[in-house]
Amino acid sequence: MHTSALVLFSGGQDSTTCLAHALNRYERVETLAFDYGQRHKVELDARLNVLAAIKSRFPQWATKMGEDHLLDAGILGQISETSLTRDTAIVMETSGLPNTFVPGRNLLFLTLAAALAYRRGLQVIVTGVCETDFSGYPDCRDDTMKAMQVALSLGMDRRLLIETPLMWIDKAQTWQLAHDLGQKADADGGGQALVDVIVEHSHTCYLGERTQRHDWGYGCGQCPACQLRAAGFGRWTSR
């Protein structure tokens, strides 16, 4: 039986929902983020605010939260000419992928996460990758995750489980999942408490915009990440 998890936690909507999923499921949960030379470090600040808000709002989860880790993955910024690591406009490439795709990012993240999980004695790696609402990134596919799970378990000579709670749900369903998880942790709050944490503290915007407040949170409202988040929130609230 699995009792511990390491959550890849960037501080966005998806990873915050994944963190709540892990806290609802496991006895000990640690978090991991990467500084990979991204254009905007806003998410690295936002994630600390999310962690603080969850600990404050959900005392029963706070007791399960272990160490938070930040690793330097700057090599990605050195070798990636993408709009997430360079000051360039977001466009579609001839490959059919947007230039927000950072080649090898999730593969490197999972490898480093597995090494850390090994050292920390953690059994499950939780990540917010998704095939339903995504930009075609090949390293977000279920097949990729399954292959990485096999490779990492073999390479570490220890069974590691890669858990992807969002893999087959869209953004509207991700909002609903956050609501349901919040409700389980705080029945008196009716599930809104975790949604409020996501709206107020999480960060998804590719451009690092934190001055414009929308019903679904802060962001420019124009980049693909904002549009996806806003559309999902709209579908969820109109149900």
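The values are calculated or read from the model by the stated rules, or taken from the named source; none is laboratory data. Given the structure is predicted, the values throughout are model-derived calculations rather than measurements. Using ideal geometry, Cβ is built from the backbone for each residue, glycine included, and neighbour counts are taken over all protein chains shown.
One line per residue, one yes/no per condition, for (1) of a type in the set (Asp, Glu); (2) under 25 Å from Arg28 (Cβ atoms):
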{"site": "Ala113", "(1), (2)": "no, yes"}
{"site": "Tyr118", "(1), (2)": "no, yes"}
{"site": "Ile125", "(1), (2)": "no, yes"}
{"site": "Asp143", "(1), (2)": "yes, no"}
{"site": "Gly155", "(1), (2)": "no, yes"}
{"site": "Glu163", "(1), (2)": "yes, yes"}
{"site": "Asp170", "(1), (2)": "yes, no"}
{"site": "Ala178", "(1), (2)": "no, yes"}
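Within the span defined as the range 79-89, every residue fails to be modelled with pLDDT of 95 or more, surrounded by 12 or more Cβ atoms within 10 Å (Cβ to Cβ), out of contact with any Phe, Trp or Tyr (no Cβ under 7 Å at 6 or more places or on another chain) and not acidic (Asp, Glu).
Comparison of Leu19, Leu44 shows that the only residue that is of a type outside the set (Asp, Glu), touching a strand residue (DSSP E or B) at 6+ places or on another chain (Cβ under 8 Å), surrounded by fewer than 18 Cβ atoms within 10 Å (Cβ to Cβ) and assigned to a helix (DSSP H, G or I) is Leu44. Inside the range 50-68, can you point out the residues that are in contact (Cβ under 8 Å) with a residue 60 or more places away in the chain, closer than 19 Å to Ala33 by Cα and not in a helix (DSSP H, G or I)? Those that are in contact (Cβ under 8 Å) with a residue 60 or more places away in the chain, closer than 19 Å to Ala33 by Cα and not in a helix (DSSP H, G or I): none in the range 50-68. For the condition under 26 Å from Val197 (Cβ atoms) and either at pLDDT below 70 or surrounded by fewer than 18 Cβ atoms within 10 Å (Cβ to Cβ) (or both), Leu51 does not qualify.
Residues in the range 150-178 that are surrounded by 14 or more Cβ atoms within 10 Å (Cβ to Cβ), without any contact (Cβ under 8 Å) to a residue 40 or more places away in the chain, of a type in the set (Val, Ile, Thr) and closer than 16 Å to Phe109 by Cα: Thr164 only. Checking each residue of the range 28-38 against the condition of being part of a loop (DSSP other than H, G, I, E, B), farther than 20 Å from Leu161 by Cα and touching a Gly at 6+ places or on another chain (Cβ under 6 Å) gives at least one match. When you scan the range 141-152, do you find a residue that is over 14 Å from the mean Cα position of the chain (by Cα), in a loop (DSSP other than H, G, I, E, B) and closer than 22 Å to Phe34 by Cβ, even just one? Yes, the range 141-152 has at least one match.
The residue that is nearest to Asn49 (Cα to Cα), counting only those in the range 197-224 that are assigned to a helix (DSSP H, G or I) and in contact (Cβ under 8 Å) with a residue 24 or more places away in the chain, is His201. For the range 184-192, state whether one or more residues are over 16 Å from Ser15 (Cα atoms), out of contact with any Leu (no Cβ under 8 Å at 6 or more places or on another chain), of a type in the set (S, T, N, Q) and in contact (Cβ under 8 Å) with a residue 12 or more places away in the chain. Yes: the range 184-192 contains one or more residues that are over 16 Å from Ser15 (Cα atoms), out of contact with any Leu (no Cβ under 8 Å at 6 or more places or on another chain), of a type in the set (S, T, N, Q) and in contact (Cβ under 8 Å) with a residue 12 or more places away in the chain.
Within the range 93-122, being modelled with pLDDT of 85 or more and surrounded by fewer than 19 Cβ atoms within 10 Å (Cβ to Cβ) holds for Leu107, Leu108, Thr111, Leu112, Ala115, Leu116, Tyr118, Arg119, Arg120, Gly121.
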